[in-house]
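The values are calculated or read from the model by the stated rules, or taken from the named source; none is laboratory data. Owing to the predicted nature of the structure, the values given are computational and were not obtained by experimental measurement. Positions of Cβ are backbone-derived with ideal geometry, glycine not excepted, and every protein chain shown enters the neighbour counts. When the accessible area is computed, the model is the full protein with side chains, heavy atoms only, and any ligands, DNA or RNA have been set aside. Shrake-Rupley method; radii C 1.70, N 1.55, O 1.52, S 1.80 Å.
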Amino acid sequence: MTNETTVPLYLQGRFAPVPEEYTAAELTVRGTLPPELDGRYLRNGPNPLPGEDRGHWFTGPGMLHGIRLRDGRAEWYRNRWVRTRELEGHPFVREDFSIDLAATPANTHVIRHADAVLALCEVGLPYWVTPELETVGPYDFGGKLTTAMTAHPKEDPVTGELHLFGTGFAPPYLTYHRVTPEGVLLDSRPIDVPGPTMMHDFAITEHHIVWLDLPVVFDPALAGRGGMPYQWADAYGARIGIMSREPGSTDVRWLDVDPCYVFHVGNAYEDAQGRVVLDAVRYDDAGFRKVWGDIGGPTGPSVPGVPSGQVGVREPGHTQAPSVLYRWILDPVAGRVFESQLDDREAEFPTHNETLTGRPNRYLYTVNGDGIAKHDLARQTDDVHKTPGNRYSGEAVFVPAVDGTNEDEGWLLSLVSDDAGAAGELLVLDASDLSVQAVVELPYPVPSGFHGSWLPEAGTRSED
């Protein structure tokens, strides 16, 4: 029997929300911070208000955590809730059943584009925040963004354009958008897909957009019950689409793949034969149900002998990691897909040197319960920095060295959370060998969260 009073996984241990906002100055640093790190590390994640349970890890209101690094010092730490219309009590679905795209938790990612820092969540509009983490308000690109915005836009490192998409609960289920380097949204195109899936991420290459149309689908019967009204649907199928980046293009070459789900893409590029190579973290049916159930989602009735909604159940004999690094090689001309698992290690939150987004890359970085892994895709090897004791590393953001000549020349920044409630840390690793360069001691606990960015001081409008 299930003890209904048990605190959900996403509200305890390293996931436990903090009860208030803090500010601290002149933080203790162990080791030596590279002087080149002049900027802000920001990270987003859900942080319910005290005593609040939204029913799913993904639905708590967003809280930003920031650390200012300069001249080998950690000048400050701040955490702030993103003050959205939802946090103020406005419903996402109004009484007339229209959608308030500004009533979102803004809890998934934080980026900077065209000098605007944006807190992102895929169900609605981004929120403009200052580099000091104060909320300015919803951001709709001058009224041109009329759909939700993905939490995983892709900035082309060559053109400077920002590529993004929005999903909806009614047609059009998918809309593609393109933003200039100056921040002007100048292109929006509906893309035909058969239903409202939980499309969380996508990829770009030099000439293509890569879509992931996978079988985790919005279920209106679950809407309004709290939590996330999405679950695995075998009948939907699984396919990956390739669309030209040429202006005005909406034609997609869809290729069927083995049923799976992808929360996060590592990178994609075109190989010498013109095929698209896509690296991402893949969940099979049982792996997705395991993780989805653990964080509050409905797991569905289609696994034999598993009641709908039961948490953390795998099919008999399913022993592999729930999520693994995986590769698809897509040949749109021949209409074929080659699929392969790249590593047996459990993986999530893949990152890379973003100066190579959409271009061939050799290295990916992932995290799991052991720590941070570096994957050498050319040699098919990996190395791991293990996080000791009750400490758990978050997503490892790659910061390239300004004058670096090698792909892995730079640093990895990761917020470390503690399962016993101890104060958090900012871990700084040398990305070439995963050696510890410095640890910034934070004065307060930091819950495990989602995604972050390094904002170098150049180009940052600041109040300090």
Reported set for segment 7-37 where residues are over 28 Å from the mean Cα position of the chain (by Cα), more than 30 Å from E134 (Cβ to Cβ) and open to solvent by less than 80 Å² (accessible area, probe 1.4 Å) is G31
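Given the options P447, P456, P388, P400, name the one that is open to solvent by 10 Å² or more (accessible area, probe 1.4 Å) and within 21 Å of A24 (Cα to Cα).
Details: P447 fails: open to solvent by 10 Å² or more (accessible area, probe 1.4 Å); P388 fails: within 21 Å of A24 (Cα to Cα); P400 fails: within 21 Å of A24 (Cα to Cα).
Being open to solvent by 10 Å² or more (accessible area, probe 1.4 Å) and within 21 Å of A24 (Cα to Cα) holds for just one of P447, P456, P388, P400, which is P456.
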For residues that are open to solvent by 30 Å² or more (accessible area, probe 1.4 Å), closer than 20 Å to R359 by Cα and in a strand (DSSP E or B), tally how many sit in segment 230-252. 1
Please go through segment 164-178 and give me each residue that is small (G, A, S) and open to solvent by 10 Å² or more (accessible area, probe 1.4 Å), ordered by number. G168, A170
What is the one condition in (1) in a strand (DSSP E or B); (2) modelled with pLDDT of 95 or more that N406 does not satisfy? (1)
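W57 - would you say it is touching a helix residue (DSSP H, G or I) at 6+ places or on another chain (Cβ under 9 Å), surrounded by 15 or more Cβ atoms within 10 Å (Cβ to Cβ), modelled with pLDDT of 95 or more and under 30 Å from Y230 (Cα atoms)?
Details: touching a helix residue (DSSP H, G or I) at 6+ places or on another chain (Cβ under 9 Å): yes; surrounded by 15 or more Cβ atoms within 10 Å (Cβ to Cβ): yes; modelled with pLDDT of 95 or more: yes; under 30 Å from Y230 (Cα atoms): yes.
Spelling it out, W57 is indeed touching a helix residue (DSSP H, G or I) at 6+ places or on another chain (Cβ under 9 Å), surrounded by 15 or more Cβ atoms within 10 Å (Cβ to Cβ), modelled with pLDDT of 95 or more and under 30 Å from Y230 (Cα atoms).
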Suppose we filter E161, E132 for residues that are within 26 Å of L64 (Cα to Cα) and open to solvent by 20 Å² or more (accessible area, probe 1.4 Å); which single one remains? E161
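Identify, please: which residue in segment 317-360 is over 23 Å from E155 (Cα atoms) and of a type in the set (S, T, Y) and is, among those, nearest to the chain's Cα centre (by Cα)? Before the answer, list the steps.
Kept after step one, since they are over 23 Å from E155 (Cα atoms), are these residues of segment 317-360: 317-324, 331-347.
Checking which are of a type in the set (S, T, Y) leaves us with 319, 323, 340.
Numbers: T319: 26, S323: 15, S340: 23 Å.
Checking each candidate, the answer is S323.
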Residue pairs qualifying under the 8 Å Cβ cut-off, at least six apart or on distinct chains, with the first in segment 79-98 being open to solvent by 60 Å² or more (accessible area, probe 1.4 Å) and the second being of a type in the set (S, T, Y) and assigned to a loop (DSSP other than H, G, I, E, B), are R85/T104
Among the strands (runs of 3 or more DSSP E) lying completely within segment 37-121, list those that include at least 3 residues that are touching a Pro at 6+ places or on another chain (Cβ under 7 Å). 39-46, 116-120
Of the conditions (1) in contact with a Phe, Trp or Tyr (Cβ under 6 Å, 6 or more places away or on another chain); (2) within 30 Å of G296 (Cβ to Cβ); (3) surrounded by 20 or more Cβ atoms within 10 Å (Cβ to Cβ), V217 fails just one. Which one is it? (3)
Among the listed residues R73, R40, R68, which satisfies the condition of being open to solvent by 10 Å² or more (accessible area, probe 1.4 Å) and either of a type in the set (K, R) or on the phi > 0 side of the Ramachandran plot (or both)? R73
When segment 102-158 is examined, which residues are found to be over 18 Å from the mean Cα position of the chain (by Cα) and small (G, A, S)? A102, A103, A114, A116, G137, G142, G143
Positions within segment 122-137 being in a strand (DSSP E or B) and either without any contact (Cβ under 8 Å) to a residue 60 or more places away in the chain or not β-branched (V, I, T) (or both), in sequence order: Y127, W128, T135, V136, G137
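From the list G452, G410, exactly one residue is touching a residue at least 40 places away in the same chain (Cβ under 8 Å) and either of a type in the set (F, W, Y) or over 20 Å from P46 (Cβ atoms) (or both). Which is it? Quick ask: steps written out before the conclusion?
Working: G452 fails: either of a type in the set (F, W, Y) or over 20 Å from P46 (Cβ atoms) (or both).
It is G410.
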Can you name the number of the only condition in (1) part of a strand (DSSP E or B); (2) crowded, with 17+ Cβ neighbours inside 10 Å that A148 fails? (1)
Within the set of pairs 6+ apart or on separate chains, which have a first residue in segment 138-150 that is at positive phi, a second that is assigned to a strand (DSSP E or B) and buried (at least 20 other Cβ atoms within 10 Å of the Cβ), and C-beta atoms under 7 Å apart? F141/V179
Of a type in the set (A, V, I, L, M, F, W, C), outside any loop (DSSP other than H, G, I, E, B) and surrounded by fewer than 21 Cβ atoms within 10 Å (Cβ to Cβ): does that describe V210? no
Take segment 364-407 and flag every residue that is in contact (Cβ under 8 Å) with a residue 60 or more places away in the chain, within 23 Å of V276 (Cα to Cα) and not polar (S, T, N, Q). L364, Y365, K374, L377
